[in-house]
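Here the structure is laid out as structure tokens; the discussion comes afterwards.
The values are calculated or read from the model by the stated rules, or taken from the named source; none is laboratory data. The structure displayed is predicted, hence computed values, not measured ones. Because the Cβ atoms are built from the backbone with ideal geometry, glycine has one as well, and the counts that use them run over all protein chains shown.
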Amino acid sequence: MQNVLPQVAARSTPNDTLSILREVFGYTAFRGHQQAVIEHVTHGGDALVLMPTGGGKSLCYQIPAIARQRMGHGLSIVVSPLIALMHDQVGALHEAGVEAAFLNSSLSGEAANGVEQRLRRGDITLLYAAPERLTTPRFLAQLDLLYEQGQLGLFAIDEAHCVSQWGHDFRPEYRALTVLHERYPQVPRIALTATADALTRADIVERLQLENAQQFVSSFDRPNIRYTIVEKKDATHQLLRFIQHEHQDGQVQDSGIVYCQSRRRVEEVAQALCDAGIQALPYHAGLDRAVRQHNQDRFLREEGWVMVATIAFGMGIDKPDVRFVAHLDMPKNIEGYYQETGRAGRDGQPAHAWMVYGLNDVVNQRRMIDESPAGEEFKQVMRGKLDALLALAEATDCRRVRLLSYFGQSYMRDGVAHLRCGNCDNCLHPPDIWDGTEAARMLLSTIYRIQQQSGITFGAGHIMDVLRGKTTQKIEQFGHQSISTFGIGNKFSEIQLRGVLRQLLAIGALGIDGQAFNTLFLTDLSRAVLKGELKVQLRASVSSPAERKVKRTTSLKTIETQLDEPAQHRFAQLKAWRAEVAKSHNLPAYVIFHDATLAAIAQAHPASLDELQNIAGIGVKKLEAYGQEVLRIIDPAA
């Protein structure tokens, strides 16, 4: 493929980053911190970049890589754990006219040798490599040679949270990346992630030796995402209703991702969706590699598919038109929740983050922490992170404010901090609140008296049975029908008591011992509740917005519906043409052009290449490759 970069260089100074943005990628202005990051790294500075999914992280290393190569600094290396997605990332750069390649285990020996030869010749601008490949003696020897020749321009470490044991996706091989600073001290490094709390951020800095790096932290807010969290009753049925009410319109279905905790559950839910007429595919580590790749390719390259997956799926997914992310099981922590929900709405159009959760989710997650072989310090941190997510789920105030607060940020609108976002379930449908303090004190008293009588702890179901006065074989076996709190809480339903237990766990007034069969125990805060010093406020148990048949919250064709009828026709024609081009290039359609670019073309109805090149998302290479054909599609009579 011919490289158009020399043509671009002829029109701009070698490190004119704004010209690169316009002529290579087709955009006229940077967003947020992009320009500050790009200028800093282009001129040799180290950087740690925290930018939400869809915020334009890739340009923060792609543009410096192009600029530094023009300045004579040579090749840039992108460290990425995403072997399955490198093909599409490199393909997208080729479409923009940038010489890029990848080295990973999917290549044959002959193909890998070909890439290495191009590497030595200086024919590559960006090379993507997995961390385990980067630190092999063979690869380091090649980097040594390039370094001696002054031809190593930049190291970009993507998904940098993988280096931290506190992060939600720790990968030990990332720890070896300290070799980059030690072996090539003059080469700037940029580490990027969409999600890291203060603890994880500090760990990234220490592990990657980025103490002198400038940190660029963008707002974590994704204003186009609507957050909804509902109580789990029949999760599969609730999911079906959610998709049918919110993300189906006749034969048109939105693309979405559904996360489940276990492989078996993934299979069950995918089948249930298919049985209900919803296009769904499973994805988990237990599937054959070829099946996983086929399902992932279909999800990325076609519209209207729902991927049902474990967390093995998702990191680096660039599909812009994912309209919803649903969780049928509670994630491990807020970072995981934020990272996974962030895969919705990358195009900036309305999207939905929907989750069902219940007491068993909390119990299971706590058990996994307690039973892990990790040290006690690590377990304590993980418990704290789980508690923070539970507090978010139990919250009766704004979800977005809570979420941003966890990352040390305020919810800002028009430069002013606000306490309500207007785009989460609690803001749109404020829950009815009831005072659960009495029920909480009864539950805690029951736990205390049972432990006092029997000398051992019991689980939630047994405690609730005692409080509600249910006579079971287990209660009679231990004589718990004789304790003073037996039956005094029979006015409370099991659903209400489960809500009280979740809230007590959320505020730290109750603990779960995962190593003792998930039994409940009192904490220091339990005393404050028992004395009436700490109130327990709970949301009333209500059905989800989907079950209450509220007005749809997302639009299936958000961009298209903003166009008039002739423009909608042009948009449809352009999408059909794009699908054929993408198929012939073996790439996802959005790599050719984003929907927003096609919609802008359809709206503007350009009559010439000069008019077409003013559309955002059309760089020099794409104008050259597709310009005449696009003009023919939108005006076949011309």
- Item | helices (runs of 4 or more DSSP H) wholly inside the stretch 400-472 that include at least 2 residues being over 26 Å from the mean Cα position of the chain (by Cα) and of a type in the set (A, V, I, L, M, F, W, C) | 437-454, 460-468
- Checking V500 against (1) without any contact (Cβ under 8 Å) to a residue 40 or more places away in the chain; (2) in a helix (DSSP H, G or I), which single condition isn't satisfied? (1)
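Rundown of residues vs (1) buried (at least 21 other Cβ atoms within 10 Å of the Cβ); (2) farther than 19 Å from I83 by Cβ; (3) in contact with a Lys or Arg (Cβ under 6 Å, 6 or more places away or on another chain); (4) touching a residue at least 12 places away in the same chain (Cβ under 8 Å), yes/no style:
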| site | (1), (2), (3), (4) |
| --- | --- |
| E110 | no, no, no, no |
| D123 | no, yes, no, yes |
| A129 | yes, no, no, yes |
| T136 | no, no, no, no |
| L140 | no, yes, no, yes |
| G153 | yes, yes, yes, yes |
| V163 | yes, no, yes, yes |
| D169 | no, no, no, yes |
| V179 | no, yes, no, yes |
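Let's see how each residue does on (1) over 27 Å from K319 (Cα atoms); (2) outside any helix (DSSP H, G or I); (3) assigned by TED's automatic domain parsing to the domain that holds N586:
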| position | (1), (2), (3) |
| --- | --- |
| P64 | no, no, no |
| L85 | no, no, no |
| G91 | no, no, no |
| H94 | no, no, no |
| G97 | no, yes, no |
| A112 | yes, no, no |
| L127 | no, yes, no |
| L140 | yes, no, no |
| D144 | yes, no, no |
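If you check Q62 against the conditions, is it at pLDDT 95 or above, out of contact with any Asp or Glu (no Cβ under 6 Å at 6 or more places or on another chain) and not aromatic (F, W, Y)?
So Q62 fits the description; yes.
Can you name every residue in the stretch 270-309 that is small (G, A, S) and touching a strand residue (DSSP E or B) at 6+ places or on another chain (Cβ under 8 Å)? Let's see the steps before the verdict.
Residues of the stretch 270-309 small (G, A, S): 270, 272, 276-277, 280, 285-286, 290, 304, 309.
Within the stretch 270-309, A270, A280, G304, A309 qualify.
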- Task: Name every residue in the stretch 529-561 that is part of a loop (DSSP other than H, G, I, E, B) and at pLDDT 80 or above, in order of residue number.
- Result: K531, G532, E533, L534, K535, V536
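Can you give me the number of residues within the stretch 363-382 that are in a helix (DSSP H, G or I), free of Cβ contacts under 8 Å to residues at least 60 places away in the same chain, touching a helix residue (DSSP H, G or I) at 6+ places or on another chain (Cβ under 8 Å) and surrounded by fewer than 18 Cβ atoms within 10 Å (Cβ to Cβ)?
Final tally of qualifying residues: 1.
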- Query: Any residue at all in the stretch 208-231 that is in the same structural domain as D46 (by TED's automatic domain parsing), among the acidic types (D, E), farther than 25 Å from D318 by Cα and surrounded by fewer than 24 Cβ atoms within 10 Å (Cβ to Cβ)?
  - Reply: yes
- Note on the structure: When the stretch 245-275 is checked residue by residue, the ones that are surrounded by 15 or more Cβ atoms within 10 Å (Cβ to Cβ), over 22 Å from the mean Cα position of the chain (by Cα) and modelled with pLDDT under 95 are H245, Q248
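Give the residues of the stretch 341-355 that are touching a Ser or Thr at 6+ places or on another chain (Cβ under 8 Å) and hydrophobic (A, V, I, L, M, F, W, C), sorted by residue number. Walk me through how you get there before you give the answer.
From the stretch 341-355, those touching a Ser or Thr at 6+ places or on another chain (Cβ under 8 Å) are 342-343, 346, 349-355; that's our starting set.
A351, A353, W354, M355 - these are the residues of the stretch 341-355 that are touching a Ser or Thr at 6+ places or on another chain (Cβ under 8 Å) and hydrophobic (A, V, I, L, M, F, W, C).
Out of the residues in the stretch 293-310 that are in a loop (DSSP other than H, G, I, E, B) and touching a helix residue (DSSP H, G or I) at 6+ places or on another chain (Cβ under 7 Å), state the one that is farthest from S255 (Cα to Cα). Spell out the reasoning first.
First pass over the stretch 293-310, keeping only residues in a loop (DSSP other than H, G, I, E, B): 302-305, 310.
From the residues that got through so far, the ones that are touching a helix residue (DSSP H, G or I) at 6+ places or on another chain (Cβ under 7 Å) too are 305, 310.
On the way: W305: 5, T310: 17 Å.
Across the stretch 293-310, the extreme among qualifying residues is T310.
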- Task: Quick one: in the stretch 113-129, of everything that is of a type outside the set (S, T, Y) and touching a strand residue (DSSP E or B) at 6+ places or on another chain (Cβ under 6 Å), which residue is farthest from V78 (Cα to Cα)?
- Result: V115
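When only residues in the stretch 297-310 that are surrounded by fewer than 19 Cβ atoms within 10 Å (Cβ to Cβ) and not small (G, A, S) count, which is farthest from L240 (Cα to Cα)? Walk me through how you get there before you give the answer.
Of the stretch 297-310, the ones surrounded by fewer than 19 Cβ atoms within 10 Å (Cβ to Cβ) are 297-298, 302-304.
After this cut, where a residue has to be not small (G, A, S) as well, the list is 297-298, 302-303.
Details: D297: 24, R298: 21, E302: 21, E303: 19 Å.
So, considering only residues that are surrounded by fewer than 19 Cβ atoms within 10 Å (Cβ to Cβ) and not small (G, A, S), the one farthest from L240 (Cα to Cα) is D297.
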- K332 vs (1) charged (D, E, K, R); (2) modelled with pLDDT of 90 or more; (3) assigned to a loop (DSSP other than H, G, I, E, B): all pass except (2)
- Query: Can you name the residue in the stretch 152-187 that is among the charged types (D, E, K, R) and touching a Cys at 6+ places or on another chain (Cβ under 6 Å) and is also nearest to F139 (Cα to Cα) among such residues?
  - Reply: R171
- Considering the stretch 559-613 alone, what residues qualify as being of a type in the set (F, W, Y) and closer than 18 Å to D254 by Cα? F571, Y590
- Query: Given the conditions (1) at pLDDT 90 or above; (2) farther than 29 Å from E23 by Cα; (3) within 25 Å of the chain's Cα centre (by Cα), which single one is not true for A111?
  - Reply: (3)
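For the structure I just gave you, tell me whether I190 is buried (at least 23 other Cβ atoms within 10 Å of the Cβ), aliphatic (A, V, I, L, M) and in contact with a Cys (Cβ under 7 Å, 6 or more places away or on another chain). Break it down stepwise before answering.
Numbers: buried (at least 23 other Cβ atoms within 10 Å of the Cβ): yes; aliphatic (A, V, I, L, M): yes; in contact with a Cys (Cβ under 7 Å, 6 or more places away or on another chain): yes.
Here the answer is yes, as I190 does meet what is asked.
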- Report yes if F521 is part of a strand (DSSP E or B), touching a Ser or Thr at 6+ places or on another chain (Cβ under 9 Å), over 23 Å from A540 (Cα atoms) and at pLDDT 85 or above, otherwise no. yes
- Item | Search result, residues across the stretch 28-45 that are closer than 15 Å to S219 by Cβ and either part of a loop (DSSP other than H, G, I, E, B) or in contact (Cβ under 8 Å) with a residue 40 or more places away in the chain (or both) | R31, G32, H33, A36, V37
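Just checking, how many residues over the stretch 562-587 are assigned to a loop (DSSP other than H, G, I, E, B) and of a type outside the set (D, E)? Outline the logic, then answer.
Let us first name the residues in the stretch 562-587 that are assigned to a loop (DSSP other than H, G, I, E, B), namely 563-564, 586-587.
From what is left, the residues that are of a type outside the set (D, E) are 563, 586-587.
Residues meeting the conditions: 3.
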- What is the number of the single condition among (1) in contact with a His (Cβ under 7 Å, 6 or more places away or on another chain); (2) closer than 28 Å to Q117 by Cβ that T135 does not meet? (1)
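Are there helices (runs of 4 or more DSSP H) fully within the stretch 153-259 with at least 1 residues that are more than 27 Å from D361 (Cβ to Cβ) and touching a Phe, Trp or Tyr at 6+ places or on another chain (Cβ under 9 Å)? List them.
Numbers: elements: 178-183, 198-207, 235-246.
Qualifying helices (runs of 4 or more DSSP H): 178-183, 198-207.
I'm checking my understanding of the structure. Among residues of the stretch 41-59 that are β-branched (V, I, T) and modelled with pLDDT of 90 or more, which one is surrounded by the fewest Cβ atoms within 10 Å (Cβ to Cβ)? First the steps, then the outcome.
Going through the stretch 41-59, the residues β-branched (V, I, T) turn out to be 41-42, 49, 53.
Of the ones still in play, those that are also modelled with pLDDT of 90 or more are 41-42, 49.
Numbers: V41: 29, T42: 23, V49: 28.
Applying the filter and picking the extreme gives T42.
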- For the stretch 588-614 the number of residues that are buried (at least 22 other Cβ atoms within 10 Å of the Cβ), of a type in the set (A, V, I, L, M) and in contact (Cβ under 8 Å) with a residue 60 or more places away in the chain is 3
